[in-house]
Amino acid sequence: MKSPLPAGSPALTEASPIRIVGLGASAGGLEALEQFISNVPPATGLAYVVVQHLDPTHRAMLTELLQRSTAMPVREATDSTRVEPDVVYVIPPNVELTVAGGRLHLAEPAQPRGRRLPIDVLFCSLARDQGERAIGVVLSGMGSDGTVGLQAIKAQAGLTLAQAPSSAQFDSMPRSAIDAGACDIVARAFELPQRILLIAAKSAFTALRSVGPEEGSERSLNEILGLLRERSKHDLTLYKVSTVKRRIERRMGVHGFNTLAPYERFVRENPQELDLLFKELLIGVTSFFRDPPVWQELTDRVLPDLLARRTAGVGLRAWVVGCSTGEEAYSLAMAFREAADAQSTPDAWKLQIFATDLSADAIAVARGGHFPATIAADVTPERLGRFFHAEGDGYLIHKEIREMILFAQQDVILDPPFTRVDILSCRNLMIYFNAALQQRLLPLFHYVMRPGGVLVLGGSETVGRSASLFSPLDQKLRLYLRGAATSAIANVDFPVKRSLSMRASAQESNVSHPLKSNLQALADHVLLQEFSPAAVLVNEQGDVVYISGHTGKYLEPAAGKANWNIHVMARPAIRTQLAAAMRQALHERKTVELHDLKPEENARFTLDLTVQPLREPTTPEGLILIVFRDVAVPSAAKRRRSRATGSADSADSEALARAHEEIRALRQEMHASQEELQSANEELQSTNEELQSANEELTTSKEESQSMNEELQTINVELHLKLEDLALAQSDMQNLLNSTDIATLFLDNELNVRRFTEHMSRIVQLREGDIGRPLSDLASTLIYPQLHADAKDTLRTLVFSEKQIATIDGHWYTVRIMPYRTVSNIIQGVVITFVDITAAKELESRLRGK
């Protein structure tokens, strides 16, 4: 059954840019693909691009197979096709499929068969083209294709999903992606479309609405950042607020939260979510030789000029800040090695690179130096052959390059920097910091660099107000030379000082916070116990889930088996009104209040009841809070004084009031009974409709079965007719061969007996059991030892042979050997015919004798 969009979810409008969902599966993942596609409802506004591991030598049937599972059009992808919403595009065999500029592009595979990773290729292109709008799904399959692509999408804040391994026919691909931490959502294949649509619809709604910030969002954001600081020991408050919010909103979308407040409560109760959010905030977008013009300039001009300013034999130092998984650092090592090799004494130049990043996982990957086969798209074949060697399903960096780099986990905001560096690369990191932190880091970079050192920034970064500290080598490529200014040293804000001050303030806050918290908790406890009214929390069925205060005056356990249901425990005098109020509160979703109820006949107080359904986002559906408030009744002395003054009611008035109260209670009970009857009637009608629908489905299924049975019977009759025609043709052929009185022998390509006529028994002793025997094994009366050789020669040259051969019993035969040709003009053996010419030979002999 196809899942509809959730109620209340905004649909993606035509004005919204098209989001593309990339689907990856191996050749054995057809079932998972069909489950996914068949559960995509119509008009979602999304496009779907399917990549499957296909045999490059055979025509693919995937388009036809998927079309059976969906009403959306399923098309085989063609080059430069513009992606349209609500269309499924399928990769053709023996190509790589990418997305760029909202169009599909086909190219010949860059890797030989057996080492191709087409799913990674598609996902990486989606990450580049769609950014945070990219969606990647890995389904059933063997190997690890798709893992790198999902990591690229995740780095761009896109949405990544994988089929649950327990439901996959082949679990290697989804398990690899899950183990790599590249998946936001893991579910069964048919559940994934609904999860995607929930998040996509929520994102579209967020993009379209134009309202102010939610109340309390700033406080919730600060609380979340504080929890992150406590958990990870790293301060993220100096990151750009827009970046932090975007990453937090992505995690909120994964868990289905619309506002920050419930997500804050969620991370408090689930510390592991803080770990996932921290990894989410550590943006790891990188590749080898990213921005090729920058690396070309470094190799051709900047690095040779730097070497010219330095002394040969003196080691150089470099610091790569925010190295992620190491591609940037390895690129610098390779570029330096190429620049050094161009010098007169290459071995005299050494470079020690310090590569740091905040993510421990990224540093672990960088230290391994093993990269997927997809790096061939970024690394030239010359560099790939010189600095890498193939290992497993990827490439391993050479030891010479690996030993040039020291990887370390470091927080550039808090931890001490590396000093006396000649090259400092901080590319595409400061764009995630606010302006204050950027201006704090640049003087620090100036301080740790040697005079004449080279600063490399990202394409969207500049030195800003620190222009006096750095002079541009190439302003467009963001290459700078460290200036000689010394006045900036006094303004350097060393991370050591900041970390110590932060630790001190944290310790102070840790000392004062427990005291404030304990006092607040104590005050709250006293107020709740002494002054708050009694209350109970019940679910939709009336089962008590929580009790606050003393409720003995209003509730009591029933005799017999323990039963914690409010309808059983409530005092009989208020039970009916309470049940009616609960039904009204649940039905109308509003608070209901009851006044002047008497819990017992002779009670000296009346009771006010408040029945309030809870509507908090994080609470389960159907919870009701019932609050009991006592209202004092005037004392007897006051009533006597009232009667003395003529202001008290008469006994008749009191009786009339009680009667009115009973009538009101009876009316409420009658109204509640009517609602129950109406609800039961609606349920019966609904059940009746469901039964009718089921009956119609069964009738339809029966008709389909009958139709299928009729089709099978028709096919069966046709097959019988064809078999009869075939048998008749076989008989005709046999009679024709026998009527010619010509002995005929059919041999296959190996010169084994395939068929023969009955006249052959006069020449060769053949029976049905000889089918399949070689010609050379047959004993005949022919004086023809070259028969086998002539048959073999005819099969080789396709030239027929004809000879007159005598037999040992005095008969003569014309033996013709011809190639056996099929209707398709394919040679499948030879045909040997034996025509009896004994009478002709005898006549010829008599004529010669005369």
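The values are calculated or read from the model by the stated rules, or taken from the named source; none is laboratory data. No experiment lies behind these values; they were computed from the predicted model shown. When we count neighbours, we look across all protein chains shown, and the Cβ atoms used for this are built from the backbone with ideal geometry, even at glycine. Ligands, DNA and RNA are excluded from the accessible area calculation, which covers all protein heavy atoms including side chains. Shrake-Rupley method; radii C 1.70, N 1.55, O 1.52, S 1.80 Å.
Quick notes on this structure:
- For the pair residue 773 and residue 556 in one chain, pulling the backbone fully straight at 0.36 nm per residue adds 68.3 nm over the alpha carbon distance.
- Hydrodynamic radius (Kirkwood) for the range 320-389, which is based on Cα pairs only, to one decimal in Å: 13.3
- D by Stokes-Einstein for the range 680-762, Kirkwood Rh over Cα pairs, 20 °C, 1.002 mPa s: 115 µm²/s.
- Simple Cβ-charge dipole of the range 316-439, Lys/Arg +1 and Asp/Glu -1, about Cα centre, in debye nearest 20: 260
- Between the C-alpha center of the range 389-455 and that of the range 690-747 there is a gap of 75 Å.
- Whole-number Å³ per residue for the convex hull built on Cα positions in the range 341-429: 134
- Net lengthening on full extension, residue 758/residue 596 (0.36 nm per residue, minus Cα-Cα): 46.8 nm
- Note that the range 23-33 has calculated 3J(HN,Hα) couplings of 10, x, 7, 8, 4, x, x, 4, 4, 5, 4 Hz, one per residue in order, obtained from phi through the Karplus relation 6.51 cos²θ - 1.76 cosθ + 1.60 (θ = phi - 60°); glycine and proline are x.
- Annotation: amide H of residue 50 within the under-5 Å range of 23, 89, 90, 91, sequence separation 5 or more or interchain, hydrogens built in the peptide plane.
- Net charge dipole size for the range 412-488 [Lys, Arg +1 and Asp, Glu -1 on Cβ; Debye, nearest 20]: 80
- Percent of C-alpha pairs per 10 Å bin, the range 292-346, short to long: 22, 56, 21, 1
- Our estimate of slack between residue 217 and residue 310, defined as 0.36 nm per intervening residue step minus the Cα-Cα distance, is 28.1 nm.
- Taking a ≥ b ≥ c as the square roots of the eigenvalues of the alpha carbon gyration tensor, the range 59-167 is rounded, as a/c is under 1.5.
- Remark: spin-label model distance residue 465-residue 656 equals 8.3 nm, labels positioned 7 Å along the Cα→Cβ axis.
- 245, 350, reordered so the largest accessible area comes first (probe 1.4 Å): 350, 245
- Modelled FRET efficiency - R0 30 Å, residue 799 with residue 843, Cβ distances, 0.05 increments: 0.45
- Counting only residues at least eight positions apart within a chain, or on another chain, the aspartates and glutamates with an alpha carbon under 18 Å from that of residue 399 are 327, 328, 338, 341, 347, 382, 391.
- Paramagnetic reach from residue 476 in the range 446-460 [backbone N under 19 Å; point 7 Å along Cα→Cβ]: 456-460
- Residues of the range 308-348 falling in the label zone of residue 403, defined by backbone nitrogen less than 15 Å from a point 7 Å along Cα to beta-carbon, are 347-348.
- Heavy-atom accessible area for residue 460, with the other protein chains in place and a 1.4 Å probe, reaches approximately 100 Å².
- Rounded to whole numbers, the Karplus 3J(HN,Hα) couplings from phi for the range 84-91 are 10, x, 6, 10, 9, 10, 10, 5 Hz, using 6.51 cos²θ - 1.76 cosθ + 1.60 with θ = phi - 60°, and x at Gly and Pro.
- Area accessible to solvent at residue 415, 1.4 Å probe radius, in Å²: 50
- With all protein chains modelled, accessible area of residue 250 [1.4 Å, Å²]: 30
- Phi angles of the range 823-840 translate, via the Karplus equation with coefficients 6.51, -1.76, 1.60 and θ = phi - 60°, into HN-Hα couplings of 4, 8, 6, 10, 7, 10, x, 9, 10, 10, 10, 10, 9, 6, 10, 4, 4, 5 Hz per residue; Gly and Pro are given as x.
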